[in-house]
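Working notes for the structure below.
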Amino acid sequence: MGYVSSVWLGVLAFISIHGYGNIRLFEASSRVIQTPDQIYRTGYHFQPAKYWMNDPNGPMIYMGIYHFFYQYNPYDAQAGNIVWGHSTSTDLVNWTPQPPALLRSEPYDFKGCFSGSTTLLSGGKPAILYTGVDFSDNQVQNIAVPKNLADPYLTEWVKSPHNPLIAPNSVNKIDGQNFRDPTTAWLNPDGNWRMVVGNQQNGNGIGLLYRSKNFIDWIQAENPLHFMNNSGMWECPDFFPVSTISQNGLETSTMGPNVKHVFKASKASTDFYTIGTYNPNKDIFIPDNESLDIGLGFRYDYGKFYASKSFFDSATSRRILFGWVNESVNNLEINSIRGWAGLQGIPRRILLHKSGNQLLQSPIVEIEKLRMNPVIEETTVLMPGSVREITGVNATQADVEMSFSAKTLEKAEKWEANWTNPQQVCSIKGASVKGGLGPFGLLVLASKDMQEYTAIFFRIFKGDNNNFIVLMCSDQTRSSLHLPSSDYDQTTYGALLNVDPLQEKLSLRTLIDHSIVESFGGEGKACITARVYPTNLAVDGATHLYVFNNGSQSVDISKLTAWSMKTAQIN
């Protein structure tokens, strides 16, 4: 690791002589473009003041300051001209814009500074690994480091004269169109660094593994860290350890007993993860359950949530996850008219469930500082066919926690054997379709006449083995009612929730923020995020919040608490 430090000094010396990597060509702006559609801008979700944003890149904490980098177009609200946007925070809630960390300035990234990660090297020195696209449209891997390590805001980054560090060529036979998004690196027990780059070969998803002694010279391992046949391109891979005995997060290089590893890949607009064992001697990751491998098993989110990136927060011993939440528009000109596009979901704390089979996700606790004016309802009964308004809450910007239970499950409908896709079941059995045990849940961003709303709800079914199956849905079919359906995606999302309703209450937490609805079911076992554009937002006081039960059996709400949410200071 001492050699890394000498390389670092060499890079900085080269840059001071030759003038590489000067990023002060662009100044961050906090000016918001004012258009009639600003009603859909959020109050406490991360987004730039204007223009396009997509993937989160390299979140980290340095000298007590949180840094968030993201894919950003500084000229337009469409994808293109991609640079690394940069904002800083002391609490992961309020964010200050900084100059972009990486601009398109060199032959190896002239067509874009695309996704990557940050790694803290010896002495806590940050380094960015990122994908550049060169003049030939080849995707290559590069490194950048801060110009001034004494600057806690890291406002200037410089690119290495050694770039590109890794490039497709006739020897490695890597497909230059499918070679991107290097992970945070980890230090193996042998003293060498490891990192993964997403790839596909002949339709097979691959996490190519690389080794380095000095973080500059990278050698491809003979075998990938992980791969899966016929799974398509693996974008934005992430690889990190989780504890089997503690709720604390683990630093990325942690190995040993009581540790499992998570491998995540983004594909087909979905982030899939699998849990397994990493063998540092053989440099291979083996899923615990092949039937839950990438594309087959668990997802971080069953709605709109993609290209996610996690980091270890050393200040609080947490593993924290960021994810991009795209607009739900089919007509991309709408983004240009509004002058902005893209959100980040609320940062999530992630940890391993006690079963060891899946992760739990929850909004970071810091977001609770925005809560105000709580409305609390103790145990109440929600009768069949009932709808009840939750008053006293700002329904456009709220945080709602509640839990449901039923005294008997006799009226649970039968789960059909051919129902293999929960999203399709939610589409067939939406909020307006009466059932036995459910649908029951929330109607958010609703109009007073109940013609427009987004429904988040549960249904309980009975399986063939006298077991019970819990379905969680987010129904957008009536979410953007008065807007042209051809211009907006109104997909209904669904997930199976691994909860036994005989033994456990069904918990639901929903964050509502103008045009985004994030829902966490079963203490975070399943998450569904939706983008919606209700027309009732245009009129003050016209947005409402309801609980409902469209089933034939009553359900109990053991406790409901709803808060209005203050507006965060974001960019």
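The values are calculated or read from the model by the stated rules, or taken from the named source; none is laboratory data. Just so it is clear, the structure is predicted and the values come from calculations on it, not from any experiment. No Cβ is skipped: glycine too gets one built from the backbone with ideal geometry, and neighbour counts run over all protein chains shown. Accessible surface areas use protein heavy atoms only, side chains included; no ligands, DNA or RNA. Shrake-Rupley method; radii C 1.70, N 1.55, O 1.52, S 1.80 Å.
Residue 486 to residue 424: FRET efficiency via 1/(1 + (r/R0)^6), r the Cβ-Cβ distance, R0 22 Å, to the nearest 0.05? Efficiency, from the Cβ-Cβ distance: 0.50.
Please go through the residue pairs 505/566; 354/411; 369/559 and name each one whose alpha carbons sit more than 23 Å apart in this structure.
Values: 505/566 29 Å; 354/411 31 Å; 369/559 21 Å.
Check vs 23 Å cut-off fails for 505/566; 354/411.
For the range 425-502, the relative contact order works out to 28 percent when only alpha carbon pairs closer than 8 Å and six or more residues apart are counted. Measuring with a 1.4 angstrom probe and ignoring ligands and nucleic acids, residue 171 comes out at about 130 Å² accessible.
With the cut-off at 26 Å, tell me which of the pairs 309/429; 434/462; 50/264 have Cα atoms farther apart than that.
On the way: 309/429 33 Å; 434/462 16 Å; 50/264 30 Å.
309/429; 50/264, as the Cα separations exceed 26 Å there.
Note on residue 244 and residue 464: their simple-model spin labels are 3.3 nm apart, each label 7 Å out from Cα toward Cβ. Counting Lys and Arg as +1 and Asp and Glu as -1 over every other residue whose Cβ lies under 11 Å from the Cβ of residue 433, the net charge comes to +1. Computed over protein heavy atoms with a 1.4 Å probe, the carbon and sulfur contribution to the accessible area of the chain reaches 50%. Magnitude of the charge dipole for the range 165-256, about its Cα centre and with charges confined to Cβ atoms of Lys, Arg (+1) and Asp, Glu (-1), is about 120 debye.
Would you mind calculating the gained length between residue 104 and residue 330 on full extension (0.36 nm times residue separation, minus the Cα-Cα distance), in nm to one decimal? Before the final figure, lay out each step's value.
Working: separation 226, 0.36 × 226 = 81.36 nm, distance 2.85 nm.
Full extension from residue 104 to residue 330 adds 78.5 nm.
Count Lys and Arg as plus one, Asp and Glu as minus one, and take only other residues whose Cβ is under 9 Å from that of residue 176; the net charge is then -3.
Projecting the Cα atoms of 418, 160, 443 onto the charge dipole of the chain, computed from C-beta unit charges around the Cα centre, puts 160 farthest toward the positive end. Phi-derived couplings, Karplus 6.51 cos²θ - 1.76 cosθ + 1.60 at θ = phi - 60°, listed residue by residue for the range 234-243: 9, 8, 6, x, 9, 8, 7, x, 9, 7 Hz, with x used for Gly and Pro.
Computed from phi, the 3J(HN,Hα) profile of the range 301-314 under the Karplus parametrisation 6.51, -1.76, 1.60 (θ = phi - 60°) reads 8, 9, x, 9, 6, 8, 6, 5, 8, 10, 8, 8, 8, 5 Hz, with x in place of Gly and Pro. Centre-to-centre separation between the Cα atoms of the range 447-487 and those of the range 63-100: 34 Å. Taking the Cα centre of the chain as origin and assigning +1 to Lys and Arg Cβ atoms and -1 to Asp and Glu Cβ atoms, the resulting dipole is close to 440 debye. For Kirkwood radius over Cα pairs in Å, the candidate list reads [x] 24.5; [y] 25.4; [z] 27.6; the entry that matches the value derived from this model is [x].
Surface exposure of the chain, expressed per residue as accessible area with a 1.4 Å probe, stands at 38 Å². Taking 4.7 Å between C-beta atoms as the pairing limit, the chain has these partnerless cysteines: 113, 236, 527. Compared with the alpha-carbon gap, the fully stretched path from residue 354 to residue 171 is longer by 61.3 nm at 0.36 nm per residue.
Over all other residues within a Cβ to Cβ distance under 9 Å of residue 320, the charged ones net out to +3, with Lys and Arg as +1 and Asp and Glu as -1. A simple spin-label model places the labels of residue 91 and residue 569 1.0 nm from each other, with each point 7 Å out along Cα-to-Cβ.
Entry note, the range 69-205: relative contact order of 17 percent, from Cα contacts under 8 Å with a spacing of 6+ residues.
DSSP beta bridges in the range 338-482, what fraction antiparallel, as a percent rounded to 5? Walk me through the numbers on the way to the answer.
On the way: 19 of 21 bridges.
Of all bridge pairs located within the range 338-482, approximately 90 percent are antiparallel.
Taking every C-alpha pair closer than 8 Å and separated by at least 6 residues, the mean separation divided by the residue count of the chain gives a relative contact order of 14 percent. Amide H to amide H distances under 5 Å link residue 318 with 249, 313, where only residues 5 or more positions off or on other chains count and H is placed in the peptide plane.
Could you state the number of Å between the C-alpha centres of the range 206-230 and the range 379-443? Using only Cα atoms, the two centres lie 46 Å from each other.
Most tightly packed first, judged by the mean number of other beta-carbon atoms within 10 Å of their residues, the peptides 150-161, 178-189 read 178-189, 150-161.
Pull out the extension gain between residue 386 and residue 204, defined as 0.36 nm times the separation in residues minus the alpha carbon to alpha carbon distance; nm, one decimal. That works out to 60.6 nm of additional length. To the nearest ten degrees, helix 2-18 and the longest principal axis of the Cα atoms of the chain are 80 degrees apart. A cut-off of 5 Å between modelled amide H atoms, ignoring neighbours fewer than 5 places along the same chain, links residue 499 with 470.
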